[in-house]
Every structure is written in C-alpha cells, then in structure tokens.
Amino acid sequence: MRFTTDDSAFGVLVSPRPGYGLFRFQLLLNGELIGDAEPGMLGSAMARLNGLAVLDDPRLEDPTADAAATLELLLADEDLGDPTLFAVAESLDRWHVRAYRFADQVAFLAAPVPEEDGAPLGPVSVSVVSFAEYEPIATEARRYWRGS
C-alpha cells in the first residue's frame, strides 16, 4: 500500500510479506523509491515516522537548495545527524537517510551508501513537504501496518 502526497513528492510504501510480522518498507522521494524490497520488522520505522526530530538550525531550512551539502552536514555533525537518522528498517541499510521537521515542513534526504571507503555520496534524493501533508501519510501508514 502506498501513502503519498497528491504530487508524489513524498510517500511511504508498506505491504505485508509472508512470515510473521514481516513487511516491505520503502520511501518515495520525488517519485523515486528508496530502499530495497526485502521484508523486515517495522516497529522502529513506524515509531520514527511519527517521531521526527524538530530542528531549528538555519542551515537546514531549505535542503533543496543544495541537497548534497545538507546531507553531508547531517552525516558529519553528530548533534544534527544522530536525531535525524532514519535507518530504522532493513530495507534502508544501503542508504544514508535523514529526516527532520523544520518549522512547518518535513524534509527527507537519501543517498546510496558508497560501496568503498572514501567514495563520494551517490545522487541525493530530497523531498520537502508541509507537516500538514506529512502527518496524515505517517498516521495512515502506521494505522495500516497495525491493522495488517
């Protein structure tokens, strides 16, 4: 089941898989599916969807201006990176994913984890949506997961 904004700028894919409590979990960032389709347990992911860090660092106000620089900042700065870490599902193991709320907006940034040390980040996907658009998506995804 996909839960998305009307323009598919952001979304969550949650679907049951064979096995007790197993689900597919992926993020939709600007029309691109992030994460693999391997099933996993989603308790942490569902809690994280409804518990994003609220930050006020002005460098995070517009991650679309330079998504790569914003993600590099979040990866390098422990005070910002730790609360924004969104590695809560096995399907995101090969991705750097950070998510946060800034004022009335929610931002998700993702890039593939480099396969070799020292390799540059891959292309950065970023989605910024209003909290008013985000909240029902997170709530409905969680409701669906609980009911499946």
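What to note about this one:
- Filtering Ala107, Ala99 for residues that are open to solvent by less than 70 Å² (accessible area, probe 1.4 Å), of a type in the set (A, V, I, L, M) and either in contact with a Pro (Cβ under 8 Å, 6 or more places away or on another chain) or assigned to a loop (DSSP other than H, G, I, E, B) (or both) leaves a single hit, Ala107.
- Any hit, the range 7-16, residues being modelled with pLDDT of 95 or more and not aliphatic (A, V, I, L, M): yes
- Residue within the range 25-34 that is open to solvent by 50 Å² or more (accessible area, probe 1.4 Å) and either assigned to a loop (DSSP other than H, G, I, E, B) or at pLDDT 95 or above (or both) present: yes
- Which numbered condition Gly122 misses (of (1) small (Gly, Ala, Ser); (2) touching a Pro at 6+ places or on another chain (Cβ under 6 Å); (3) part of a strand (DSSP E or B); (4) over 21 Å from Phe3 (Cβ atoms)): (3)
- Hits in the range 71-94 - residues which are in a helix (DSSP H, G or I) and over 28 Å from Arg24 (Cβ atoms): Glu72, Leu73, Ala76, Glu78, Asp79, Leu80
- Flag for Phe131 being open to solvent by less than 70 Å² (accessible area, probe 1.4 Å), touching a Phe, Trp or Tyr at 6+ places or on another chain (Cβ under 8 Å) and not β-branched (Val, Ile, Thr): no
- Arg98 meets all of the listed conditions (1) more than 18 Å from Val54 (Cα to Cα); (2) without any contact (Cβ under 8 Å) to a residue 40 or more places away in the chain but one, namely (1).
- First in the range 64-87 and open to solvent by less than 80 Å² (accessible area, probe 1.4 Å), second anywhere and acidic (Asp, Glu) and not in a helix (DSSP H, G or I), Cβ under 9 Å, 6 or more apart: Thr70/Asp62; Leu73/Asp57; Asp77/Asp57; Leu80/Asp57; Ala87/Asp93
- Criterion: at positive phi and out of contact with any His (no Cβ under 8 Å at 6 or more places or on another chain) - qualifying residue of Ala103, Ala76, Ala65, Ala99: Ala103
The values are calculated or read from the model by the stated rules, or taken from the named source; none is laboratory data. It should be emphasised that the depicted structure is a prediction, and the values quoted were computed from it without experimental measurement. For neighbour counting, all protein chains shown are included, and Cβ atoms are generated from backbone atoms with ideal geometry for every residue, glycine included. Just so you know, the surface numbers come from the protein's heavy atoms only, side chains and all, with ligands and any DNA or RNA stripped out. Shrake-Rupley method; radii C 1.70, N 1.55, O 1.52, S 1.80 Å.
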